[in-house]
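Below is one structure, written out as structure tokens, with a few remarks after it.
The values are calculated or read from the model by the stated rules, or taken from the named source; none is laboratory data. Given the structure is predicted, the values throughout are model-derived calculations rather than measurements. Using ideal geometry, Cβ is built from the backbone for each residue, glycine included, and neighbour counts are taken over all protein chains shown. Calculation scope for accessible area: heavy atoms of the full protein, side chains included, ligands and nucleic acids excluded. Shrake-Rupley method; radii C 1.70, N 1.55, O 1.52, S 1.80 Å.
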Amino acid sequence: MRGVFVDANEALAVIMERLEKPGDPKVRIHRDPDIKPEQYPDILDGAEIAIVDHTALPTEVAKKCTGLKHVVFLGTGARSYMNPEELAELGISVHLIKGYGDTAVAESAIALMWASARGIAMMDREMRVGNWLREDGMQLTGKTLGLIGFGGIAAEVARIASGSGMKVIAWNRSPKSHPGVEFTDLDSVLARSDVVSLHLLLNDETRGMITREKIAKMKRGVILINTARAAVVDEAAMIDALKSGHIRHAGLDVFNIEPLPGDHPLTKLPNVTLSAHSAFRTPEASENLIGAAWEHCRRIVNS
């Protein structure tokens, strides 16, 4: 059995090579992070394991990947890139990696929250063109942070936010408890929070879940943070709320179109802080990620 890391950037390729152990299954590293989906059959060349970072694998393309039995997806959001149920019908199992970047993503969510509260990116942009822009920021100590979805990342966000003097409330689809966090219904979280941070996987239940009506339930002047998946939110409704000031500021790491086009409406709004789907990108998280990918490969060949 052999595998191919189909879309490795150089940093992940180096870690992949370094973490290989004697006796590991043979994995070829294809050093090109920008492959097109139609290249899968040629790149895999009959391999049984595809390690995939971020390249979409349409079901019709998967049908042409002779010999493919396993996809090791580098993260938890495979559903944004492929249809696991349809792949399963082809005899292809999709393996996810959870928890590898909980702290990295949580720290990024907190960074976006603070940057949004104080308008740091906006001041930076203005000062670079000679404008001395000074506006009152939002002091976050004593404010309420509402977490929508509560897994490992949200737990880390709660830890950091609680330590900085914020009150943390949360909603989760299944019952949860966590020290220092008050769990309540979704509408209460939306209505009470000064900052709303999204921590949901994308699936049929969560797609478009933050509707125009849900946004209307939020406090006027709320800060919205999304390091989860863009499709959880009605983008047009969010943009309208940003324009009206109902949402004071949004800190976004994820987008419906990636890379985000330079002429996208979000790039024209001053009260949005953007980061390039990089919340998970730290050396520590990458080490955890590739280590877990190797463990998947070892388990697959030994099962």
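For the reader, a short list of remarks on this structure follows.
- Options 15, 41, 27, ranked by Cα towards positive dipole end of the range 14-57, top entry (Cβ charges): 15
- Comparing 141, 290, 103 along the charge dipole axis of the chain, the residue lying farthest to the positive side is 141, per the Cβ-charge model.
- Estimated dipole of the chain in Debye, rounded to 20 [Cβ of Lys and Arg +1, of Asp and Glu -1, Cα centre]: 720 debye
- Cβ-Cβ FRET estimate between residue 184 and residue 276, R0 fixed at 25 Å, reported to 0.05: 0.15
- FRET efficiency for residue 89 and residue 220, using Cβ-Cβ distance with R0 set to 45 Å, rounded to 0.05: 0.40
- Solvent-accessible area, 1.4 Å probe, carbon plus sulfur percent, for the chain: 51 percent
- Counting only DSSP beta bridges whose two residues both lie in the range 111-211, roughly 10 percent are antiparallel.
- Calculated mean residue ellipticity, 222 nm, the chain: -10000 deg cm²/dmol, from DSSP H runs (n ≥ 4) at -39500 (n - 2.57) each, averaged per residue and rounded to 500.
- Computed from the C-beta positions of residue 243 and residue 303, the FRET efficiency with R₀ = 51 Å rounds to 0.45.
- Comparing 274, 225, 215 along the charge dipole axis of the range 212-303, the residue lying farthest to the positive side is 215, per the Cβ-charge model.
- Cut-off of 10 Å, at most 11 other beta carbons, DSSP loop: longest stretch of the chain lacking such GluC sites (Glu not before Pro): 1-134
- Fully extended contour minus Cα-Cα distance, from residue 126 to residue 212, at 0.36 nm per residue: 27.9 nm
- Accessible area (Å², per residue) of the range 1-157, counting only protein heavy atoms and a probe of 1.4 Å: 49 Å²
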